[in-house]
Amino acid sequence: MTCKNYLGLDGFRFGWVAAWIDERGDQGFDYSPSLMRLLAIPHARAMIDMPIGLNASGYRACDLRARELIGPAVFLGARRDLWAFHDMAAANRHYWKHEGEGVSAQLWNIRDKMREVDEAMTPARQATIGEAHPELIFWNLAGRLRLEPKTSPRGREQRIALLRGRGFTEVKRWLTLRHGTRIGRDDLIDACACAVAARDSTQSVGDGRIDPRGLRMEINF
């Protein structure tokens, strides 16, 4: 019998990184410029650290609620067609004029990744591919406590220990293997967290609404 495989994905500057773990504890990671190539890895469920489900205007309820729980690690301003603006200044002029709410620089910088996910997703695919947020996952795994910043040595060790406790025993070794791949340390750790959520998550934040394309706007953890 084939073991169920659980997949986590995160974007980095040069593409995407995926980590997976199956029911036996076998695990691995891969990376690619193409999201679709990584989504082709067989999986029972996948979680991706990128917005899924976008309205044309306003802040998503799931982002606002997640930000209440874990703070500014949650980027605000995910909207459909954000990527159509020439630059961030033009986007913010439009949004502040029409909505009174802008877009963060962090979210502006991932707009092309957002478009790639939006183009890949359908309501049918959302049955097995969901949105997750690594910091919300770690907050939950830590007993709903905020950890040290992930960029600090202490914060990184806290997150690696939490992953080890959920079966990802190879993370430290992978962090040495990633050299030359241009995958960031935090990107690989976050992909592992998303894989844990793909396997274990039973809860999410959001208001139950769907976007104009029929995609649920929720963050799983």
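Couple of notes before you dig in:
- Scanning region 142-174 for residues that are within 22 Å of ALA46 (Cβ to Cβ) and surrounded by fewer than 17 Cβ atoms within 10 Å (Cβ to Cβ) turns up ARG164, GLY165, THR169.
- Scanning region 156-181 for residues that are of a type outside the set (Val, Ile, Thr), under 25 Å from ARG144 (Cα atoms) and not in a helix (DSSP H, G or I) yields a total of 4.
- One residue stands out among those in region 123-143 that are touching a residue at least 12 places away in the same chain (Cβ under 8 Å) and part of a loop (DSSP other than H, G, I, E, B): the one that is nearest to GLY15 (Cα to Cα), which is HIS133.
- Candidates LYS150, LYS172: the one that is assigned by TED's automatic domain parsing to the domain that holds ASP26, under 18 Å from the mean Cα position of the chain (by Cα) and not aliphatic (A, V, I, L, M) is LYS150.
- When ARG45 is tested against the conditions (1) of a type outside the set (A, V, I, L, M, F, W, C); (2) in the same structural domain as ARG209 (by TED's automatic domain parsing); (3) within 25 Å of LYS150 (Cβ to Cβ), the lone failure is (2).
- Failed criterion for TRP139 (all others in (1) surrounded by 15 or more Cβ atoms within 10 Å (Cβ to Cβ); (2) hydrophobic (A, V, I, L, M, F, W, C); (3) not assigned by TED's automatic domain parsing to the domain that holds LEU188 hold): (3)
- Filter result (of a type in the set (A, V, I, L, M) and in a loop (DSSP other than H, G, I, E, B)) within region 13-67: ALA40, ILE41, ALA44, MET50, ILE52, LEU54, ALA56
The values are calculated or read from the model by the stated rules, or taken from the named source; none is laboratory data. Just so it is clear, the model here is predicted, and its values are computed rather than measured. Positions of Cβ are backbone-derived with ideal geometry, glycine not excepted, and every protein chain shown enters the neighbour counts.
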